[in-house]
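Have a look at the structure below, then the notes.
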Amino acid sequence: MLILAVESSCDECSAAVVRDGMTLAVCTTTQTVHRRFGGVVPELAGRSHLELVDAISRDAVAQSGQSLSAIDVIAATIGPGLVASLLVGAMYAQGLALATGKPFHAIHHVEAHLWSAELLAGELPLPFLVLLVSGGHTLLVEVSGLRRYRVLGTTLDDALGEAYDKVGKLVGFDFPAGASVDRAAAVGNPRAFDFPISKSDDSYDFSFSGLKTAVLYTQRAIPSAEMPNHTADLLASFQEAALESVAMKIRRALRRSNFRALVAAGGVAANSRLRVMLREISREAGISCVVPPPEYCMDNAAMVGYLAWKLRSQNVRVPSDTSVRPRWSLTDLAREECLP
Ligand code: KG4
Ligand code: ZN
């Protein structure tokens, strides 16, 4: 089964060609138009997708060595995400499906992230625990099968990537700042500043806004002439507090259930310190750790094509209503009435 997949839920415009779960080609462009605004501007994201989506889809088909006529199914993310961004990719894919007489498969963006580690690692042992951390999501999800998901925890305020971006902005980094914070923190002292480790309660929920405020007040107290000497330490201390709160929740979840693998997804899963932490945690728990390479952690269409293949090959129905859904929870997805 040859699938052309499109992903446009936020600021990555991506298309992929996937054959029976194997990626033949994936083309992803991260929009740069948002850089000077310090965050994704929804209207600009939609316009940028409009300029990119056709060329990127054609590139993916060309790079796969296939032709459009050989494609069996066209898939696209229909939610959750930014409405203008979703509309462009989903309408493009549905239009193409209609014009070529091929079936369209609507995909839930978060569900695609949950299974993305299988793209390279092959089928994962069930149940597994997924940490999904990006600019828009911070979720800890138990996966015990297709459409069998339990959200253990989510963020009560900022997403983890958003916290990285905001703290990075404080020290003058361009948006998105996560990778720059990662690099700077790597040479800093994580114990230099004593930041609070949030949500040390019994829940699996996260909170990063208190930490972000603590970093802001600490930074304000440092004379600007001295700031360059403290930037790496400040970022390393922020990162340690943020990631330790995540690690604490993961350890607790692993202690309470018999997970067989720990999986990371989302842009922040590219973080070098987080990757080391996740490997340590899974080693302690005696389970496997699957952290895909950054290009499969961030938003990409290969995961959309992979999930479409997985769902179709296991006869899981597609949503009957394929209009875009900016808000769409995993719980609603499981409840959904679907068409064969
Ligand atoms: O999944 P993604 O590409 O897009 C969505 O947000 O949906 O994730 C982007 C987020 C941004 O907040 C970015 O700053 C963060 O991932 N990020 C990182 C790193 N690379 C990207 N955060 C920490 N360390 C990194 N190395
Ligand atoms: Zn995402």
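Kindly indicate whether any position in segment 90-112 is among the charged types (D, E, K, R), under 17 Å from the mean Cα position of the chain (by Cα) and more than 25 Å from residue 177 (Cα to Cα).
For segment 90-112, residues among the charged types (D, E, K, R), under 17 Å from the mean Cα position of the chain (by Cα) and more than 25 Å from residue 177 (Cα to Cα): present.
Confirm whether residue 128 is outside the structural domain of residue 261 (by TED's automatic domain parsing) and away from ligand 2 (no atom under 16 Å from the Cβ).
no
Going by what's in this entry, would residue 224 be described as out of contact with any strand residue (DSSP E or B) (no Cβ under 7 Å at 6 or more places or on another chain), among the polar types (S, T, N, Q), under 30 Å from residue 316 (Cβ atoms) and surrounded by fewer than 20 Cβ atoms within 10 Å (Cβ to Cβ)?
no
Just to be sure, is residue 333 more than 16 Å from ligand 1 (Cβ to nearest atom), on the phi < 0 side of the Ramachandran plot and within 22 Å of the chain's Cα centre (by Cα)?
Against the criterion (more than 16 Å from ligand 1 (Cβ to nearest atom), on the phi < 0 side of the Ramachandran plot and within 22 Å of the chain's Cα centre (by Cα)), residue 333 qualifies.
Restricting to segment 1-35, name every residue that is free of Cβ contacts under 8 Å to residues at least 12 places away in the same chain and either within 16 Å of ligand 2 (Cβ to nearest atom) or not β-branched (Val, Ile, Thr) (or both).
If the condition is that a residue be free of Cβ contacts under 8 Å to residues at least 12 places away in the same chain and either within 16 Å of ligand 2 (Cβ to nearest atom) or not β-branched (Val, Ile, Thr) (or both), then 22 is the only one that fits.
Go through segment 294-314 and give me each residue that's within 12 Å of ligand 1 (Cβ to nearest atom) and surrounded by fewer than 17 Cβ atoms within 10 Å (Cβ to Cβ).
Once the filter is applied, which keeps residues that are within 12 Å of ligand 1 (Cβ to nearest atom) and surrounded by fewer than 17 Cβ atoms within 10 Å (Cβ to Cβ), segment 294-314 yields 294, 295.
Taking residue 163 as meeting all but one of (1) modelled with pLDDT of 95 or more; (2) over 28 Å from residue 330 (Cβ atoms), write down the number of the exception.
Evaluating residue 163 over (1) modelled with pLDDT of 95 or more; (2) over 28 Å from residue 330 (Cβ atoms) leaves (2) as the failure.
Does residue 110 fit the bill of being β-branched (Val, Ile, Thr), buried (at least 20 other Cβ atoms within 10 Å of the Cβ), in a helix (DSSP H, G or I) and touching a residue at least 24 places away in the same chain (Cβ under 8 Å)?
Criteria met by residue 110.
When the residues of segment 191-207 are narrowed to those that are within 16 Å of residue 163 (Cβ to Cβ) and without any contact (Cβ under 8 Å) to a residue 60 or more places away in the chain, which ends up surrounded by the most Cβ atoms within 10 Å (Cβ to Cβ)?
The selected residue is 198.
Specify the residue that is nearest to the chain's Cα centre (by Cα); the eligible residues are those in segment 183-222 that are in a loop (DSSP other than H, G, I, E, B) and of a type in the set (Val, Ile, Thr).
Only one residue tops the list, namely 197.
Going by the structure shown, is residue 178 under 21 Å from residue 332 (Cα atoms) and in contact with a Phe, Trp or Tyr (Cβ under 6 Å, 6 or more places away or on another chain)?
no
The values are calculated or read from the model by the stated rules, or taken from the named source; none is laboratory data. Since the structure is predicted, the reported quantities are computational estimates derived from the model, not experimental observations. Heads up, the Cβs are rebuilt from the backbone with ideal geometry, glycines too, and the neighbour counts pull from every protein chain shown.
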